[in-house]
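Below you'll find the structure, written out as structure tokens, and then a few comments.
The values are calculated or read from the model by the stated rules, or taken from the named source; none is laboratory data. Worth saying up front: this structure is predicted, and the values here are computed from it rather than measured. All Cβ positions, glycine included, derive from the backbone under ideal geometry; neighbour counts span all protein chains shown. Accessible surface areas use protein heavy atoms only, side chains included; no ligands, DNA or RNA. Shrake-Rupley method; radii C 1.70, N 1.55, O 1.52, S 1.80 Å.
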Amino acid sequence: LVGNLKEFESQALVIKKEAEAIRSQRKMDIPYEIGTMIEVPRAALISGQIAALVDKADGRKLCNFFSYGTNDLTQMTMGISRDDSSAFIPKYMEAGILTDDPFNSIDEEGVGFLVKKSAIEGKAANQQLSLSVCGEQGGDPKSIKFFDQIGLDYVSCSPFRVPIARLAVGQAAARRFQKHQREERLHHQEFDDAALLSKVFHYCKVDTLPLWPFGHH
């Protein structure tokens, strides 16, 4: 969790120094990644700068991943407390002020805009950057569709949300497959359900949205 460029650089270098010292002491090539949660709006706004940071000692990128903490990002962006929201959000939805609970389904115009901006600028600065979501929206089908459309790599969610999330991820993969087919002018070919599923898994075996029941890092 950071909100300042120098803050991330400082902490990343501390972590890297310790990790490299352990590797040297144990004489083992222990893989590790350094990244940050994007939970503060300011971090989302400077994501391109964070992703572009390099270690001056070896010229390597310092940031390997962004994990969007959508619960806190929603709180800070919308200025509402998740702990107190149950007292008024249902009334807001009943009155038509809100269409969905923003803590369950991502607010695409506000919070979603920040995630999309961060993802685009982060990837532009570092093509190898891994992008994921950690929050209740990671188990919401509507949110998963949005995350897939903006190019996130995977989501994490609470265990009880995993079955629905897996279905939504499969649907997202199927949509990408169908789009690929149209682009290749293969949409005229008809598949039965089993054949389609097989082709979806084949096409998406690398470019898919893995689902983990717990957080990534």
> If you count, for each residue, the other Cβ atoms within 10 Å and average over each peptide, how do 29-42, 85-98 line up from highest to lowest?
Replying inline: 29-42, 85-98
> Tell me, what is the per residue accessible area of the stretch 1-57 in Å², probe radius 1.4 Å?
Replying inline: 62
> Too long at a 23 Å Cα-Cα cut-off: which of LYS56/LYS123; LYS123/LYS145; LYS61/LYS116?
Replying inline: none
> Can you give me the relative contact order of the stretch 1-132 as a percent, contacts being Cα pairs under 8 Å and 6 or more apart?
Replying inline: 29
> In the stretch 66-119, what percent of the accessible surface is made up of carbon and sulfur (1.4 Å probe, ligands and nucleic acids excluded)?
Replying inline: 49
> For the stretch 1-156, what is the charge dipole size about the Cα centre, in debye to the nearest 20, if Lys and Arg each add +1 at the Cβ and Asp and Glu each add -1 at the Cβ?
Replying inline: 740
>> What whole-number distance in Å separates the alpha-carbon centres of the stretch 126-141 and the stretch 99-114?
In response: 14
>> Please state the shape class of the stretch 93-174: rounded when a/c is under 1.5, otherwise prolate if a/b exceeds b/c and oblate if not, all from the C-alpha gyration tensor.
In response: oblate
